[in-house]
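Notes to accompany the following structure.
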Amino acid sequence: MIVGYLEYVARRLVRMVLSLVVVSALAFTLLQLAPGSFADIQRANSGSTGMAGAGAQEVAGEFATRYGDEVPAWQQYLVFMKGALTWDLGPSYKYPAQSVESIIAQGFPVSAALALLATTLALAIAIPIGVFAALKQRTLWDSGSMFVLTLGHALPNYLTAVFLVLVFAGAWHVLPAAGWNGPENLVLPVVALAIGPLAVLARYVRSSMLDTLGEEYVTAAIAKGGRPGVVIRKHVLRNSLIPLVTVTGPMLAALMTGTVFIETMFRIPGLGLSFTQAASSRDMPLLMGTTLFFAIILMATNLVVDLLYGLLDPRVRAESGRKLRGPRISRRDIPGADPDQGGRSGVPSLG
Amino acid sequence: MRAGPLTRRPIGTVAAAAVVALSLAGCSLFGDSDGDTGGGDGDAATGGSITVAATNFAHIDPQSITFGMWLVQMGLLEGLVLQTPDGTDVRPGVADEWEVSEDGTTYTFHLRDGIVWSNGEPLTADDFEWTYERLLDPERGASGVTTGASSYQVPLGILNAEDYNTGVITDFDQVGVEAVDEQTLEFTLDAPNPGFLMGLTYPSMLPLNPEAVEGEADWQQPENWVGNGPYNLAAWTANSSMRFERNPEYWDAENVALDEINVQLVEQGAITTTVPYENGEVDIQAIGEPAEISRFLADPVLSEQMHVLENAGTAYMIPLHSTNPVMEDPRVRTALSLGLGRQEIAGISEMTEPASTLLSPIVPGWTEEIAAHEQMWGEAAVAEAQELLADAGYPGGEGFPPLTLLAGSDFPQLDAIIDTWGTNLGIEVTKDVVEVGVYVERRYAMHDENYVGLWYGSFSGISTWPYQVEQLWSPDMLRQAGLDAAGYQQFVDAQVDETLSPGDRTAALEEILATSTTDEAQEFAELVAATRETVDEAEQQEIFIEAASVREDAELIIPVTWSHVVFVAQPRVQGLEIRAQADRYYFKDLWVDDSAQ
Amino acid sequence: MAFISLWVVALLVLVAIFAPLVAPYGTQETDYGHQLAPIGSPGHLLGTDTLGRDILSRLVFGFRTALLVAFAAEVISVLVALVVGLLAGYRGGRADGILMAATDIMYAFPTYLFAVLLVTVFGRSFWSVMAAIAVAGWVTQARLIRAQVMTLKRRDYVEAARSMDAQGPTIAMRYILPNALGPLLVTTSFAVPAAITTEAGLSLLGLGISDMPSWGAMINEGVRYASSAPHMIISPAIAFAVTLLAFTWIGDGIRDAFDITSEARR
């Protein structure tokens, strides 16, 4: 059992490393294909009146020391990956005095804090609403709250953010519209980020509660004379909330890696902004660094969630490692509720 | 079934976690940029702080072209001379006196007595000489200190500077910059240049502290900053904000009013609204959206807060290079210029006007006669355009190939250009709005016959003749635009020819430009060169006017609109005047008066 | 809800198909005398933009673009997903291994990063935005089909068919595919609003479709004018929300219809 478990973890880790290699190669290839070079863009962005190509040559030799001058692209890739193995990603093109790893170290805590706060907020609201809606199933409370939640979910977070800014900063003047000076700057972005996940989580809690309430052991527990309140607290709630781990994990990861609109709109110095800048300025080391880092975060979260789920859910634990291999799909075919499977994956990750 | 008690525990845990996370976030996340943003201490003359919005940048080396170099110039570093607040002349900066030789080619600057860097070390003429050697260093890229293109302005005309910069000569002693003694700096020019003093107010000419720049640590970070301006860099959170604090070592510190400047860094191209300004988070901000401008103009309170510099920028279009020769026909280019609905395009915003010339009309001595035609728009112009187009073989736009209008971001003006060309000339134009990396490549690429048209851009700069004629839409830019497909291919090939030495390449490129471009473009280049042969300012201006006029007649670059520069500032901000140069104003000239509401 | 949504979507699709008949003006038709006219202006029901172009007409054509992108992307990703998913689920072995590896990779490559890179490389055209959405989407659907196939192929009637010497492809096409279609329909109906959102999001980053009227571009522009000309954001935002909601509810409805276990419980 333990051996099987370890073997499973090892297999997952190997697959993770292989995927990282492919992801980095893919990103590198796309960047090579992208028109315009870093130097050209620097020149154009500054409104310089220079002649074609002149500035490009001037800057071309600059990164010769690390990536080699006029070496084939694949060699540059190898140099980068060699550095990545030792967490030495070298200087960014755009911020030459800073190493890519230090940019990540500065930006990631900001993005992560936003994501954590938003997830916490979403959970804090979604669980009570979901439980409540399930207990009041098929009443006006149930359909009403689900209606409002779908509404919140349907709107992308950048649009929600715009309206929040217009109301709280533009009309009422109670919160700052943008900036990163103190906790008051967190309120609007966190709320804007939390609304989408909140809706998904609440719907998930509701349907999970309904599933558990219908299980035989619940009926049995009540039949054996358990008070409904105690049964619900002891059995239903716990078992209904465990599957939440599978949704919350990927959601957190998606938020951590995908807050770019919110970061741009609120001028938050997070990592999403660094990635977009890197892509548009063709800053190869920074782009590769952030892409790899994002990929690691996403895959690690996924792995942790799967492992955690196995530990938490006695039903899964009782089964063999084989069951763990075909994750989640066989367990629950509610496509829309699970951001990993539902076609909605574009929504949380887009913003 | 009671829902209440069930939910208490998770909520409690979650709330506790949130509080912990928030307090953790509060301590470390925000860095040390949370300076006191509250207003002043009530004293109208000194103290207080302001918050301004600026376009984001990656570094603040004034020797490479980024938005950062303008911010540095606004308060962190100071050159030999500064512009006057209205931007029409210079005033003393680090130098309190200077002389010009009679032939107009030698400038001698005397640095102030006792002038020092912010670390207390003396600021000497040698520091300037060292700075300019770094500026012109052809190998500078390799040192890894900077990324943008060099911000050196070739038309400044310092003796041998361009040749040193391109590697044609290698001995810096031959360049016309010399520290005569600690306090005396001498420039030698290759020809008299009436724009020289104003040219010194460009960020590339700011002094840098040699020890700091050559030091191990990153000199652009607050902890390592050594400057000579009225303010020091106190904090910088990349992509978010900056904070300046008063520099007590500044020579004129007693006349600097504000204690602190907060800069909000706004991503270029990000959605910007005036909400932060109207919410009191920002004191000074540039605005550009036509609807915002109209709303501010219509509002009796907000309109009082607008600061406008009229016609400071020009939007223009330049033909793309294509194997399709249609744009090489001067009749076609003229027809496109005259068929442009400039009034409709300018009508989009209350802050733009139809442009009859590239040259900004705020340049002293500008006249309507510089324009290529008497009527650049209106019925008569359109009629002439239609006639020319018919002459060229496309009556009513029939048989005219579909044109492309290339731009780096989407403006309503682009749609208006396409729309009016369609209406007036019957030609079909599609816009190609591309991401900036694609834009820069496509602008100068050699296209196949299916991709033919123009690219859209805009310039603004100081309103002197040398700057507007030599620097913006420079002779080389115009001559490049005038090359036909074969000539341009040669030009591009020569640029990347590894077998040429730097000197040979410069000569080869000049040879191609001089022989293959249009006659007007070459005439323009020769006229600009001729301005250097005289010290008589009136005579020089004559030549500049003629050159500007020839540049319009070439019709290689089509003027579209002139735009005003609009800033809004809270009523408490005093002393704000907008200049034509992109730094717009100096922080040292501002003060706040909290009673002014 | 699903039923009303179905009518709403049907109406919207009709509007998109007959856009030239529905829209009172052309998308590029300018009216220089009446720029930024508010909602309810004579001749312009939803007002005009900075060039005096009719917002209603642009909304109608913009919706056409959005639907076209979403449907085209979905068709491509569903087709690819079907082939790969059926193969992986039915054959297992190497095909399955490849699919799982692709899943891992796409999962590790955040959707928007991928979209940003694709659009950066291939330009801001209809085709590259569509490709970006399709490429990001097929893996999820392929995985879904694979899972369905894996459960279905153990069902009695499939086993029965197999024992009667039916060939693999026949079984896949005749017995498994029809049963896997339900969940696929659900993901697809959720994927349409996701695609519309993605396109709008790319526009917001300056990477959306630039050669056709697009909702993303309209919203992007509307946001800039939010305080000065609110009508430029209000109607696109409402249209956007209604469309997304309608598709989401339809997805919910289809899911309920196919989810027999939950149906039985209610």
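The values are calculated or read from the model by the stated rules, or taken from the named source; none is laboratory data. Remember, predicted model here, so these are calculated numbers, not experimental data. Note that each Cβ is placed from the backbone with ideal geometry, even for glycine, and that neighbours are counted across all protein chains shown.
Points worth noting:
- Among residues that are at negative phi and at pLDDT 95 or above, B:Tyr231 is included.
- Restricting attention to segment C:199-221 and to residues that are among the hydroxyl-bearing types (Ser, Thr, Tyr) and surrounded by 24 or more Cβ atoms within 10 Å (Cβ to Cβ), the residue that is nearest to the other protein chains (Cβ to nearest Cβ) turns out to be C:Ser210.
- Subset tally (residues that are assigned to a helix (DSSP H, G or I), within 11 Å of another protein chain (Cβ to nearest Cβ) and either hydrophobic (A, V, I, L, M, F, W, C) or touching a Gly at 6+ places or on another chain (Cβ under 9 Å) (or both)) for segment A:281-292: 5
- Residues that are within 9 Å of another protein chain (Cβ to nearest Cβ) and over 30 Å from C:Thr188 (Cβ atoms) within segment C:222-249 comprise C:Arg224, C:Tyr225, C:Ala226, C:Ser227, C:Ser228, C:Ala229, C:Pro230, C:Met232, listed in sequence order.
- Condition met for B:Met198 (among the aliphatic types (A, V, I, L, M), part of a strand (DSSP E or B) and at pLDDT below 95): no
- Qualifying position, being at pLDDT below 85 and polar (S, T, N, Q), among B:Thr51, B:Thr66, B:Thr84: B:Thr66
- Test: residue in segment C:6-22 that is assigned to a loop (DSSP other than H, G, I, E, B) and either touching a residue at least 12 places away in the same chain (Cβ under 8 Å) or surrounded by fewer than 23 Cβ atoms within 10 Å (Cβ to Cβ) (or both): yes
- Boolean, C:Pro193 is part of a helix (DSSP H, G or I) and over 26 Å from C:Val8 (Cα atoms): no
- Residues within segment A:164-186 that are in contact with a helix residue (DSSP H, G or I) (Cβ under 8 Å, 6 or more places away or on another chain) and assigned to a helix (DSSP H, G or I), tallied: 8
- Scanning segment B:246-261 for residues that are in a loop (DSSP other than H, G, I, E, B) and loosely packed, with under 12 Cβ neighbours inside 10 Å gives a single hit, B:Pro248.
- Boolean, B:Glu186 is more than 10 Å from chain A (Cβ to nearest Cβ), more than 30 Å from A:Pro91 (Cα to Cα), touching a Gly at 6+ places or on another chain (Cβ under 9 Å) and modelled with pLDDT of 80 or more: yes
For (1) in contact with a strand residue (DSSP E or B) (Cβ under 6 Å, 6 or more places away or on another chain); (2) crowded, with 19+ Cβ neighbours inside 10 Å; (3) assigned to a loop (DSSP other than H, G, I, E, B), each residue gets a yes or a no:
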site	(1), (2), (3)
B:Ala54	yes, yes, no
B:Pro85	no, no, yes
B:Arg91	yes, no, no
B:Glu99	yes, no, no
B:Glu102	no, no, yes
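- Screening the candidates B:Asn247, B:Asn324, B:Asn239 for the property of being under 21 Å from B:Leu71 (Cα atoms) and either of a type in the set (Val, Ile, Thr) or modelled with pLDDT of 90 or more (or both) yields one hit, B:Asn247.
- Selection within segment A:156-179 - touching a residue at least 12 places away in the same chain (Cβ under 8 Å), within 14 Å of A:Leu193 (Cβ to Cβ) and more than 7 Å from chain B (Cβ to nearest Cβ): A:Pro156, A:Asn157, A:Tyr158, A:Thr160, A:Ala161, A:Val162, A:Leu164
- Restricting attention to segment C:84-123, the residues that are charged (D, E, K, R) and more than 12 Å from chain A (Cβ to nearest Cβ) total 2.
- When each of A:Ile297, A:Ile262 is tested for being facing another protein chain (nearest Cβ under 10 Å), of a type outside the set (Ser, Thr, Tyr), part of a helix (DSSP H, G or I) and more than 19 Å from C:Thr120 (Cβ to Cβ), the lone residue that passes is A:Ile297.
- The residue list B:Gly313, B:Gly280 contains one member that is touching a Gly at 6+ places or on another chain (Cβ under 9 Å), of a type in the set (Gly, Ala, Ser) and surrounded by fewer than 23 Cβ atoms within 10 Å (Cβ to Cβ), which is B:Gly313.
- Test set (1) in contact with a Pro (Cβ under 6 Å, 6 or more places away or on another chain); (2) among the polar types (S, T, N, Q); (3) facing chain B (nearest Cβ under 10 Å) - A:Ser99 fails condition number: (3)
- Filter pass, B:Tyr316 being within 14 Å of another protein chain (Cβ to nearest Cβ), farther than 27 Å from B:Tyr439 by Cβ and at pLDDT 90 or above: no
- Out of B:Ala507, B:Ala538, B:Ala525, B:Ala530, one residue alone is within 25 Å of the chain's Cα centre (by Cα) and part of a helix (DSSP H, G or I). It is B:Ala525.
- In segment C:28-58, the qualifying residues are those that are buried (at least 19 other Cβ atoms within 10 Å of the Cβ) and among the hydroxyl-bearing types (Ser, Thr, Tyr), and the one that is farthest from the other protein chains (Cβ to nearest Cβ) is C:Ser57.
- Counting only residues that are without any contact (Cβ under 8 Å) to a residue 60 or more places away in the chain and in a helix (DSSP H, G or I), segment B:370-384 holds 6 of them.
- Residue count for segment A:166-197, restricted to those that are aromatic (Phe, Trp, Tyr) and surrounded by fewer than 20 Cβ atoms within 10 Å (Cβ to Cβ): 2.
- Odd one out for B:Gly288, checked against (1) crowded, with 17+ Cβ neighbours inside 10 Å; (2) more than 9 Å from every other protein chain (Cβ to nearest Cβ): (1)
- Only listed residue being part of a strand (DSSP E or B), under 21 Å from B:Leu406 (Cβ atoms), touching a residue at least 24 places away in the same chain (Cβ under 8 Å) and in contact with a helix residue (DSSP H, G or I) (Cβ under 8 Å, 6 or more places away or on another chain), chosen from B:Ala315, B:Ala335: B:Ala315
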